[in-house]
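First up is the structure itself, then whatever we jot down about it.
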There are 2 protein chains.
Amino acid sequence: MSKGRVVALSGGVGGAKLALGLSRVLPADELLVIANTGDDFEHLGLKICPDIDTLTYVLAGLDNTEQGWGRREETWSFMATIASVGGADWFRLGDRDLALHIERTRRLRSGETLSQITTDITRRLGIAHRILPMSDDPVPTRVRSDDGWIDFQDYFVRQQCRPVVRELVFDGADKARPQADVIKALGGKVRAVVICPSNPFISIEPILAVPGLRAAIENCGAPVVAISPIVGGKAVKGPTAKMLQELGLAVTSASVATRYGNLLDGYIVDQGDSEGVPGKVHVAPTLMTSVVTKEALARIVLSFADSLS
Amino acid sequence: MSKGRVVALSGGVGGAKLALGLSRVLPADELLVIANTGDDFEHLGLKICPDIDTLTYVLAGLDNTEQGWGRREETWSFMATIASVGGADWFRLGDRDLALHIERTRRLRSGETLSQITTDITRRLGIAHRILPMSDDPVPTRVRSDDGWIDFQDYFVRQQCRPVVRELVFDGADKARPQADVIKALGGKVRAVVICPSNPFISIEPILAVPGLRAAIENCGAPVVAISPIVGGKAVKGPTAKMLQELGLAVTSASVATRYGNLLDGYIVDQGDSEGVPGKVHVAPTLMTSVVTKEALARIVLSFADSLS
């Protein structure tokens with residue numbers, strides 16, 4: 001008998017690694033991945049959903065492992081041309097990747113929801129497990145730096161995380177409706193809620209900011225387990241460490257755990273990163289450098305969660 | 001002193017060849033190319049303007065001469081991917097070509113006119129001469145075949161001109177406003193109006209169907225000269241011959257000249273194609289297989305037109 005569904009909260013690259021591990025050890029109906037859409041933006045008139053896209057490519061086996069983002073077997077003719085016709089070229093869009101953005105934008109304009117489109121496209125690409133956006137309503141992350149408020153991708157890609165982050169807001173989060181199937185899943189039999197090793201500020205907190213989602217997680221009755229994105233006192237990838245510092249927090253696993261507060265029932269940290277972590281802690285190797293280590297961490301997460309229930 | 005401006009009416013490939021010839025023998029301010037926009041359509045949410053694009057690529061020296069359409073140094077990763085995410089793949093869009101469609105669509109959605117965008121993009125690509133759409137309002141060509149009415153690109157590309165053409169309409173032509181600078185140019189000092197060797201039914205007649213455009217041409221005081229798209233009793237390219245037959249007309253230069261009626265002051269036909277052509281006829285080699293022959297035909301067109309004024 002099924003122990004219930006695992007609901008995983010994920011951002012892009014780091015989260016997708018664990019989501020892939022989970023998808024390889026759980027049957028299709030026992031995993032739901034909730035994707036952060038706070039990074040979503042419109043660029044060149046196209047709707048780009050970086051975290052959904054990364055999860056999609058990774059779970060479909062289409063990700064570019066050398067590059068660390070985007071699609072495999074990618075080409076760049078569009079990028080080599082766009083500036084010549086006056087288009088912005090600070091956000092890199094591969095020729096194959098464009099297919100997803102163009103088709104999704106067309107379908108959104110025709111009235112379909114992001115959830116419907118994501119479900120359809122992930123199935124077309126052979127993904128058995130479900131990936132759903134946290135909401136079909138836009139909740140764009142905005143960053144306050146010393147020069148004022150800027151859009152997230154302006155900060156993240158165009159300015160390559162150089163501005164000092166003073167504050168983050170999730171625009172429209174107060175009015176956004178949580179994705180209905182996500183709420184339904186959390187109201188059903190849940191084995192565990194897994195907070196993937198994503199950036200807490202820009203990948204997980206936007207999800208928790210959607211009205212009703214945090215409460216649904218708290219009330220689902222299953223253990224909530226997070227995996228620290230900090231390994232050896234550093235962020236594995238991205239601006240997590242820099243943001244922790246800029247927001248006046250120590251670059252430690254404990255800082256991230258404290259940030260999640262009493263939402264967590266358990267926390268998984270790498271060896272040497274457990275100091276000061278509140279609550280139930282499990283130490284395990286959290287660097288996921290291969291499919292084997294992704295699956296291994298997924299199994300550890302599940303057995304740790306099961307031990308807490 | 002300038003003899004005035006040459007105003008050329010053009011469709012895609014055949015017309016663009018003569019437009020290129022004219023652009024090489026006339027200074028920038030002495031040539032205006034009016035592009036047919038009856039072929040324009042929305043595909044995958046992108047606005048595609050095949051004749052403007054062909055003229056742009058040809059005059060910018062970016063056309064794919066081996067392929068006969070599209071851009072040079074093109075790649076096809078997008079096309080190799082679009083069907084996998086559920087997108088339509090019957091209209092071929094190269095990765096470089098996409099840059100133009102995406103940036104134009106973005107600008108149209110932001111409220112700019114097709115004329116403004118075309119002027120800006122042609123300049124960015126180094127084209128000194130002006131290319132303008134016949135109208136900023138959509139005038140989509142529709143085709144009646146034995147199975148009813150279909151959109152032009154459905155007929156032209158998806159069904160590869162297989163349906164028998166019974167009738168053509170230019171939707172919205174009654175309400176479309178002619179492009180303002182085109183009307184202004186035709187009201188100024190005009191040396192000649194040149195009807196390029198394009199398909200009369202689907203490339204030139206949509207232009208003439210825009211209210212005021214035909215009258216402006218008739219009243220501009222300059223000779224109107226057409227170049228026959230029929231050479232040796234056959235169409236050089238495309239469905240012109242098939243359409244002539246299906247509409248009950250002989251596949252001859254005379255049929256096309258008769259179709260234009262008293263709009264023409266002179267007609268240029270290839271050797272052996274002059275039989276039955278009404279009015280003033282000039283026989284010249286009209287096959288444009290090289291830049292040299294394009295320039296040569298442009299000079300012939302201009303001197304023939306000058307002889308009529």
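For the stretch B:75-90, which residues satisfy the criterion of being crowded, with 18+ Cβ neighbours inside 10 Å, at the interface with chain A (Cβ under 8 Å from one of its Cβ atoms) and in a helix (DSSP H, G or I)? Hits for the stretch B:75-90 are B:Ser77, B:Phe78, B:Thr81, B:Ile82, B:Ser84, B:Val85. Just so you know, in the stretch A:2-23 the residues that are more than 18 Å from the chain's Cα centre (by Cα) and among the basic types (Lys, Arg) include one that is least open to solvent (accessible area, probe 1.4 Å), and it is A:Arg5. Which condition number does A:Asp273 fail, the rest of (1) of a type outside the set (A, V, I, L, M); (2) surrounded by 21 or more Cβ atoms within 10 Å (Cβ to Cβ); (3) at pLDDT 95 or above being met? The single condition A:Asp273 does not satisfy is (3). Being open to solvent by 10 Å² or more (accessible area, probe 1.4 Å), modelled with pLDDT of 95 or more and either facing chain A (nearest Cβ under 8 Å) or within 26 Å of B:Phe170 (Cβ to Cβ) (or both) is not true of B:Arg72. In the list A:Val224, A:Val256, which residue meets the criterion of being over 20 Å from A:Leu22 (Cα atoms) and of a type in the set (Val, Ile, Thr)? Of A:Val224, A:Val256, the one residue that is over 20 Å from A:Leu22 (Cα atoms) and of a type in the set (Val, Ile, Thr) is A:Val256. Which numbered condition trips up B:Gly261, out of (1) modelled with pLDDT of 95 or more; (2) part of a helix (DSSP H, G or I); (3) out of contact with any Phe, Trp or Tyr (no Cβ under 9 Å at 6 or more places or on another chain)? Exception for B:Gly261: condition (1). Kindly indicate the residue of the stretch B:245-267 that is over 18 Å from B:Ser203 (Cα atoms) and in contact with a strand residue (DSSP E or B) (Cβ under 7 Å, 6 or more places away or on another chain) and also surrounded by the fewest Cβ atoms within 10 Å (Cβ to Cβ) among those meeting that condition. Only one residue fits best here, namely B:Asp265. When you look at B:Ile183, is it open to solvent by less than 50 Å² (accessible area, probe 1.4 Å) and assigned to a helix (DSSP H, G or I), yes or no? Against the criterion (open to solvent by less than 50 Å² (accessible area, probe 1.4 Å) and assigned to a helix (DSSP H, G or I)), B:Ile183 does not qualify. Scoring A:Pro163 on the criteria (1) assigned to a loop (DSSP other than H, G, I, E, B); (2) open to solvent by less than 10 Å² (accessible area, probe 1.4 Å); (3) in contact with a helix residue (DSSP H, G or I) (Cβ under 7 Å, 6 or more places away or on another chain) leaves a single failure, condition (2).
A single member of A:Gly38, A:Gly61 is under 30 Å from A:Ile300 (Cβ atoms), under 13 Å from the mean Cα position of the chain (by Cα) and at pLDDT 95 or above, and it is A:Gly38.
Can we say B:Asp306 is in contact (Cβ under 8 Å) with a residue 12 or more places away in the chain, among the charged types (D, E, K, R) and touching a strand residue (DSSP E or B) at 6+ places or on another chain (Cβ under 6 Å)?
Answer is no for this residue.
For the stretch B:196-244, taking the residues that are of a type in the set (Lys, Arg) and not in a loop (DSSP other than H, G, I, E, B), the one that is most open to solvent (accessible area, probe 1.4 Å) is identified as B:Lys234. Across the stretch B:33-47, the qualifying residues are those that are surrounded by fewer than 24 Cβ atoms within 10 Å (Cβ to Cβ) and part of a strand (DSSP E or B), and the one among them that is farthest from the other protein chains (Cβ to nearest Cβ) is B:Phe41.
State whether the residues of the stretch A:91-113 include one that is closer than 26 Å to A:Thr289 by Cα, touching a Ser or Thr at 6+ places or on another chain (Cβ under 7 Å), open to solvent by 20 Å² or more (accessible area, probe 1.4 Å) and assigned to a loop (DSSP other than H, G, I, E, B). Checking the stretch A:91-113: not a single residue is closer than 26 Å to A:Thr289 by Cα, touching a Ser or Thr at 6+ places or on another chain (Cβ under 7 Å), open to solvent by 20 Å² or more (accessible area, probe 1.4 Å) and assigned to a loop (DSSP other than H, G, I, E, B).
Each row is one residue, and each column tells you yes or no for (1) within 14 Å of another protein chain (Cβ to nearest Cβ); (2) of a type in the set (Asp, Glu); (3) assigned to a loop (DSSP other than H, G, I, E, B); (4) surrounded by fewer than 17 Cβ atoms within 10 Å (Cβ to Cβ).
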residue	(1), (2), (3), (4)
A:Thr118	yes, no, no, no
A:Arg123	yes, no, no, yes
A:Ile127	yes, no, yes, no
A:Leu132	no, no, no, no
A:Val143	no, no, no, no
A:Trp149	no, no, no, yes
A:Phe156	no, no, no, no
A:Ala173	no, no, yes, no
A:Ala176	no, no, yes, no
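The values are calculated or read from the model by the stated rules, or taken from the named source; none is laboratory data. Owing to the predicted nature of the structure, the values given are computational and were not obtained by experimental measurement. Heads up, the Cβs are rebuilt from the backbone with ideal geometry, glycines too, and the neighbour counts pull from every protein chain shown. Surface accessibility is based on the protein's heavy atoms, side chains included, excluding ligands, DNA and RNA. Shrake-Rupley method; radii C 1.70, N 1.55, O 1.52, S 1.80 Å.
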